[in-house]
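The values are calculated or read from the model by the stated rules, or taken from the named source; none is laboratory data. What you see is a predicted model; the values in this text were computed from it and never measured. Ideal geometry is used to build each Cβ from the backbone, glycine not excepted, and the neighbour counts take in all protein chains shown.
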Amino acid sequence: MEKLWSKTEIGRLELPHRLAMAPMTRSRAQDDGTPGELSSLYYSQRASMGLIISEGTQPSEDGQGYLWSPGIYNEKHIEGWKKVTDAVHEAGGFIYIQLMHAGRMSHPDNTPHHRQAVAPSAIAPGEKMFTATGMKEIPIPRELSKEDIEITIADFKKAAAAAIEAGADGVEIHGANGYLINQFISENSNRRTDEYGGSIENRTRFAIEVTKAIVEEIGADRTGFRISPGTTLGGIKEGEQISEVYLHLVNELAKFDLSYLHVMHLGNEALLREIRSIWKNPLLVNRAGRSLEDISLDIDNNLADLVPVGVWSLANPDLVERLKAGAPLNAPDPTTFFGLGSKGYTDYPTFKELESK
Ligand SMILES: Cc1cc2nc3c(=O)[nH]c(=O)nc-3n(C[C@H](O)[C@H](O)[C@H](O)COP(=O)(O)O)c2cc1C
């Protein structure tokens with residue numbers, strides 16, 4: 001585990017160690033998408049993580065999928081995020097805001113404008129989604145026109161600028177888990193016949209154009225990108241060409257000299273090794289299903305430079321201290337992952353608090 005605790009650099013930041021907080025939607029923003037009152041406390045409690053990657057944050061009204069997810073596209077959002085980034089920085093941490101456009105993984109009941117969701121093609125994901133009046137089938141989205149695509153890329157660009165204005169150390173582009181960018185990449189959600197559909201080059205075009213726009217706006221050294229090769233979330237089926245698709249994408253992204261690439265790794269070891277050999281900048285590997293004992297394995301095996309962890313950091317504000325001391329961890333409570341205020345959000349005790357009881 002020694003290397004896990006060694007310093008490293010991503011973009012402009014020198015991080016004290018290699019453990020990162022993975023992005024996690026917590027559905028506790030205000031109705032207008034401004035981060036909730038408790039968000040500053042939640043993130044600053046976790047500032048001892050080497051890098052915090054925020055919950056998925058919509059770059060526009062169209063980009064919202066879930067209820068009470070935060071936005072970063074107006075002045076109120078910027079003010080709200082400023083409180084969060086200030087609190088994290090005061091506590092000695094660093095935070096990237098994850099830019100997440102949900103695309104078709106959305107319900108009109110959940111968005112401010114209540115319009116039909118947008119996607120590369122008019123294909124529903126075949127899933128249900130939580131709304132204020134219960135679980136509902138996700139409707140068929142509207143296919144984005146070429147003009148809409150330009151507007152969407154501009155929205156990402158503006159959101160990245162807004163994130164920096166709000167004091168974020170950078171942004172992570174969410175290209176994973178079945179949301180808009182992944183919907184363009186995947187064959188079964190993209191049936192377009194223009195230059196954004198069909199060939200691998202065409203299906204990855206949107207991802208690359210979004211990245212280019214953001215890099216131009218805030219700099220490559222403040223831009224990360226997340227992928228999840230082989231995901232089935234959101235009704236995605238990536239087909240048989242997963243390796244070809246992702247190697248092409250990673251090769252293209254590598255030309256930008258980004259601050260990092262973040263792989264949500266689902267088990268394709270050969271692909272991960274190939275990505276590692278192509279990608280010269282920092283690589284973050286969030287390995288699904290690994291045990292706590294294996295937390296630093298990818299770093300020790302030189303497959304990763306940083307390890308993002310999700311639920312353990314959600315349930316343990318002092319995860320770093322606990323791991324260093326070999327202290328037991330709080331168990332995460334999935335019933336409080338989403339919504340519900342402070343319960344399961346800011347009230348997980350530190351080990352010191354537990355000991356003093
Ligand atoms: C409550 C919850 C919310 C999540 N929200 C996001 C999200 O907004 N963006 C994202 O890229 N991944 C999201 N994920 C996936 C996590 O980033 C991570 O990949 C996953 O939890 C597996 O890592 P772990 O085993 O360390 O928790 C979420 C996971 C959980 C548990």
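Just a few scattered comments:
- Search result, residues across the stretch 237-248 that are acidic (D, E) and in a loop (DSSP other than H, G, I, E, B): E238, E240
- One residue alone among S259, S228, S199 is over 21 Å from L303 (Cβ atoms) and either more than 15 Å from the ligand (Cβ to nearest atom) or modelled with pLDDT of 95 or more (or both), and that residue is S199.
- Scope the stretch 5-43; condition away from the ligand (no atom under 14 Å from the Cβ), under 27 Å from G289 (Cα atoms), outside any loop (DSSP other than H, G, I, E, B) and not β-branched (V, I, T); matching residues: W5, E9, L15
- Of everything listed in (1) under 30 Å from G11 (Cα atoms); (2) buried (at least 16 other Cβ atoms within 10 Å of the Cβ); (3) not aromatic (F, W, Y), the single unmet condition for A119 is (1).
- Strands (runs of 3 or more DSSP E) lying entirely in the stretch 44-135 (those with 1 or more residues that are farther than 30 Å from R18 by Cβ, modelled with pLDDT of 95 or more and not aromatic (F, W, Y)): 128-131
- Remark: S296 matches the filter, which requires a residue to be out of contact with any strand residue (DSSP E or B) (no Cβ under 6 Å at 6 or more places or on another chain), under 30 Å from L272 (Cα atoms) and within 14 Å of the ligand (Cβ to nearest atom).
- Single residue of the stretch 298-340 satisfying the filter (in contact with a Lys or Arg (Cβ under 7 Å, 6 or more places away or on another chain) and under 19 Å from Y260 (Cα atoms)) that is surrounded by the fewest Cβ atoms within 10 Å (Cβ to Cβ): D300
Here is a yes/no grid of residues against (1) among the β-branched types (V, I, T); (2) modelled with pLDDT under 95; (3) within 16 Å of the ligand (Cβ to nearest atom); (4) not in a helix (DSSP H, G or I):
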position	(1), (2), (3), (4)
V250	yes, no, no, no
M264	no, no, yes, yes
S277	no, no, no, no
R290	no, yes, yes, yes
N302	no, no, no, yes
S313	no, no, yes, no
L323	no, no, yes, no
A331	no, no, yes, yes
T335	yes, no, yes, no
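- Qualifying positions in the stretch 183-196 - crowded, with 18+ Cβ neighbours inside 10 Å and touching a residue at least 60 places away in the same chain (Cβ under 8 Å): Q183, F184, I185, S189, N190, R192, Y196
Quick grid of which residues meet (1) hydrophobic (A, V, I, L, M, F, W, C); (2) more than 14 Å from the ligand (Cβ to nearest atom):
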| position | (1), (2) |
| --- | --- |
| E61 | no, yes |
| G65 | no, no |
| N74 | no, yes |
| K82 | no, yes |
| H89 | no, yes |
| H107 | no, yes |
| N110 | no, yes |
| A124 | yes, yes |
| K128 | no, yes |
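- Failed condition for A327, given (1) within 16 Å of the ligand (Cβ to nearest atom); (2) aliphatic (A, V, I, L, M); (3) touching a helix residue (DSSP H, G or I) at 6+ places or on another chain (Cβ under 8 Å): (1)
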